[in-house]
Structures are given as structure tokens and as C-alpha cells.
Amino acid sequence: MIKRHPEPDLLVEYTSGTLQLAPCISVTAHLQYCDKCSQAVESLKSLGGSMLETCEKSVVSDNLLDRVLDCIEQEGDIPRAETPRRTQDSLDAFARDLPEYVRDLLPAGALPWRSLTSSLRVAPVSVGEENYELALHRILAGGKAPEHDHRGMEITVVLKGSFSDEDGLYQPGDFIVRQPGDTHRPLAAKNEECICLSVLEAPIRLTGVKRVLNPFLGFSPS
Ligand SMILES: [Zn+2]
């Protein structure tokens, strides 16, 4: 059962389209699991629509619609790089059980997993985001992530398996926000590895004996 949800303010930003891409992706990932927040988003959309209807109308030029349509047509002519077609078979084996929405963000082929410790691996997910690092994290069954604190906000959405820390147990769909200065040490459940989607606003800093790993956690938005 999901115990951690995005704050209402974040859902308002999400619905109004003012949230940046990486946090937006984390909220969408949560909505794949959470009917309660999905319903809240639908209500906010209805509310936004009602508010728009009450706005004072502005006069626009007669040809504005034609100009907008022209812009859209020109956009369609821009040649785009061919991306390899992704199939279920070409996905990284660890990604096959993830929600379809998350799978659609991933490239074909093996993900560039990088070992941070013997039980923690990370694969960056490139979405063209400049201000946040989006990544998948895997903690092996029973494995511990290094204790670390945060210099910026970190959002974690559990996608598969579960992990716990000093504050509780987190299961698929849980949406955990860590603020700068928070310190914690995630521990995966013993029976299954844990896969999370993480959004990092600024580098995390390892504490304790694993401080030496800090250079491997450099901030690398993509
Ligand atoms: Zn929720």
C-alpha cells in the first residue's frame, strides 16, 4: 500500500504545467500506481478549465490561428534523428517489469549501469533535462546504499521491490522527497532487489566511511 504521495502543491504545479521535466516524470511515475493522486489531478484539471472559462477574453488578430497552424506545420518538417525501435526484447532485462510509462523513457539495449558500491547500481536516464539528474537506482536484495545527505532536493519513486530507512518502509509507488540536509541510509528488502526512479536537484554527499565514493556521484544532468 502506498504511504507517501506528492504534496498537493506539487500536484498543482504538475497539472498547471509549471513543473520542470524531471520532477514531472517522477509525478507521472507515481500516478501509474496511485488512483488517489490520479483522481486529484483530474479534479485539478477540471478546476483549471473552470477558471479559464471565467477569464476575461482578449482580442487577437484575425490571422492568429493560421499563424499558429503554420508554425506547427513547419515544426513537422524538421528532420529528426532516427531512434532505434525499442521492443520488449531489446529492453534491458531489469527494465522489463517496470511500468510502461517508465519503459518508454528508456533507450533500446542494455542500460549503462554503473556500480557505486557492491550492492548499489545507477543508470542515468537521458530526457534532455538540464537542471536535474534523472536515474534508475538498483539496490540488490538485502543491500545497503551508502549513508548520504543531500545538498539539493531528491525525489525517489519506488518502481519495484521495496527499501527501508530510518523513517520507514517504502513500496512500489511510494513518492519520497528528501530535502537538503536530510541524511539516510536505504536498505533493500532481503527477498528482492529494489528499483527506484530518482530525480536529483544537486549532488548528494556521502557521509561516513564511504565519503571516498563522492566523485562517482557527480551531478550529470542529461
Ligand atoms: Zn499518490
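When Leu105 is tested against (1) within 16 Å of the ligand (Cβ to nearest atom); (2) at pLDDT below 95; (3) closer than 24 Å to Met153 by Cβ, exactly one condition is not met: (1). Taking the condition at pLDDT below 85 and not in a helix (DSSP H, G or I), does Val59 pass? In short, yes.
Scanning segment 74-88 turns up no residue that is modelled with pLDDT of 85 or more, of a type in the set (D, E, K, R) and not in a loop (DSSP other than H, G, I, E, B).
Counting only residues that are part of a helix (DSSP H, G or I), more than 10 Å from the ligand (Cβ to nearest atom), in contact (Cβ under 8 Å) with a residue 12 or more places away in the chain and over 16 Å from Gly17 (Cβ atoms), how many does segment 31-52 have?
If we filter segment 31-52 for residues that are part of a helix (DSSP H, G or I), which is where we start, we get 31, 35-52.
The next check asks that each one be more than 10 Å from the ligand (Cβ to nearest atom); those that pass are 42-52.
The next check asks that each one be in contact (Cβ under 8 Å) with a residue 12 or more places away in the chain; those that pass are 44-45, 48.
Filter once more, so that each one left must be over 16 Å from Gly17 (Cβ atoms): none.
Matching residues across segment 31-52 total 0.
The values are calculated or read from the model by the stated rules, or taken from the named source; none is laboratory data. What you are looking at is a predicted structure, and each value in this text was computed from that prediction instead of being measured. Note that each Cβ is placed from the backbone with ideal geometry, even for glycine, and that neighbours are counted across all protein chains shown.
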